[in-house]
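Structure record follows, encoded as structure tokens.
No value in this document is a laboratory result; all are computed from the given coordinates. Just so it is clear, the structure is predicted and the values come from calculations on it, not from any experiment. Positions of Cβ are backbone-derived with ideal geometry, glycine not excepted, and every protein chain shown enters the neighbour counts.
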There are 2 protein chains.
Amino acid sequence: MNEKLIEIISKTIADTISERNSLKIPVGVSARHVHLTKEHLDILFGKDYILKKKKELMGGQFAAEECVTIIGFKLNAIEKVRVLGPLRDKTQVEISKTDAISLGLNPPIRESGDIKGSSPITIVGPRGAISLKEGCIIAKRHIHMSPEDSKRFNVKDDDIISVKINGQRGGILENVQIRVDEKYTLEMHIDTDEANCMGLKSGDFVEIVRDNRS
Amino acid sequence: MNEKLIEIISKTIADTISERNSLKIPVGVSARHVHLTKEHLDILFGKDYILKKKKELMGGQFAAEECVTIIGFKLNAIEKVRVLGPLRDKTQVEISKTDAISLGLNPPIRESGDIKGSSPITIVGPRGAISLKEGCIIAKRHIHMSPEDSKRFNVKDDDIISVKINGQRGGILENVQIRVDEKYTLEMHIDTDEANCMGLKSGDFVEIVRDNRS
């Protein structure tokens, strides 16, 4: 009886260690969203408006209660696009390719913050609207991790790797960017097209399979 | 001068042969669409209505001029969903996972025609509406080819293979079904989620990379 118990406990501990040491990465699916500057928040929601925190996200970011409507070249609207806080020094709209086609836009696939020459887009809030000359991108798929995790995975900031997805819609996503920072927790960020193509949802796991580091 | 000409001609011929013998497969992106029975066409468009051919598709199928509106559990609508002809013996609605989420449905990923136990959906036409208990699926990605092509690719009907996609959003799609028939021309059919995830559009090329035949 005692031997059986020891066996079970040993197995549980072994499984836990193995899980912790595995190269599995949890997925976070990013729906379309908007980052705003103070100036643009004032125009869309009113002077000195303060965003209400709805849900904490990684690295001090949060999903706000507030949503906006976005409009592209076809003049049709996508409604209820979530605003993310805190405020940034550049306003940025992140949409999927599916959204882009529906809006008549052709945004580049970019890392967050890199909006030079990206697509124009109009953002409408309850108090006003702004028409940006640039600012709309499709987010480049990426993995956030801590410096500790980067050692464990044997990758470094800005590395480009590939990721394996299991399941009925499984496969491999190449050109995944590694982003290492003290304030990051381990998570692969993909958009809704990537999630739906590969049969993934937030909380599912993927694995690094190949390392294309230069 | 003659030597130069011979060189150019030889190279052109060699390139043509190499292209013809390559294992490249053109992509066709399927947008959401509906196949109807005679009975359902009558309800939606009127007694003995005849679909108008808009565009010929592979294997005797065609895109019709006619569109319908589809409605799921959330009671929101997706408009302008293309009807495909000719009529079938089962009504079937093919949507993307992105569409499914927006409609509040969870359809299975299935081969066309295999609708047993699939999602319920409502279809609305200019003369009436039908509420199906089953019939809504997400199409399983597949490659149509002739028996001749199947020899060239060394695959057979119903094989499951993997496909390599190049480019900024490149990667590998696994679980791709081979469908061989005399009336098929070579084409890989994917839905809009798969196209947008992998940066593909109709007419782009992919390659078979691995063969999981049992």
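Structure notes:
- Cys residues of chain B that find no other Cys beta carbon under 4.7 Å: B:C67, B:C136.
- The modelled label-to-label distance between A:I50 and A:C67, using points 7 Å beyond Cα along the C-beta direction, is 2.5 nm.
- Copy-to-copy label separations for B:K24, where each label sits 7 Å from Cα toward Cβ, in nm and ascending: 4.0
- Most mobile of A:R32, A:R127, A:R141 in a GNM of chain A (Cα contacts under 10 Å): A:R127
- Mean separation of Cα pairs under 8 Å and 6 or more residues apart, divided by the residue count, gives region A:31-139 a relative contact order of 31 percent.
- A cut-off under 9 angstrom between Cβ atoms defines the neighbours of B:G199, and their net charge, with Lys, Arg +1 and Asp, Glu -1, is +2.
- Global form of the protein assembly as shown, assessed from the alpha-carbon gyration tensor, a/c cut-off 1.5: rounded
- Once the Kirkwood radius over Cα pairs is known for region B:73-144, the Stokes-Einstein relation at 37 °C and 0.692 mPa s delivers a diffusion coefficient of 256 µm²/s.
- With its label point put 7 Å out from Cα toward Cβ, A:F205 sits 3.9 nm from the same residue's point in the other copies, in order from shortest.
- Estimated [θ] at 222 nm from DSSP helical runs (n ≥ 4, -39500 (n - 2.57)) normalised by residues in the protein assembly as shown, nearest 500: -6500 deg cm²/dmol
- Average Cα contact separation per residue, region A:101-214, under 8 Å, 6 or more apart, as relative contact order %: 25
- Charge tally in the Cβ shell below 12 Å around B:P120, where Lys, Arg are +1 and Asp, Glu are -1, B:P120 excluded: 0
- Across identical copies of the chain, A:D158 has label-point separations of 5.3 nm, listed in ascending order, with the point defined 7 angstrom from Cα along Cα→Cβ.
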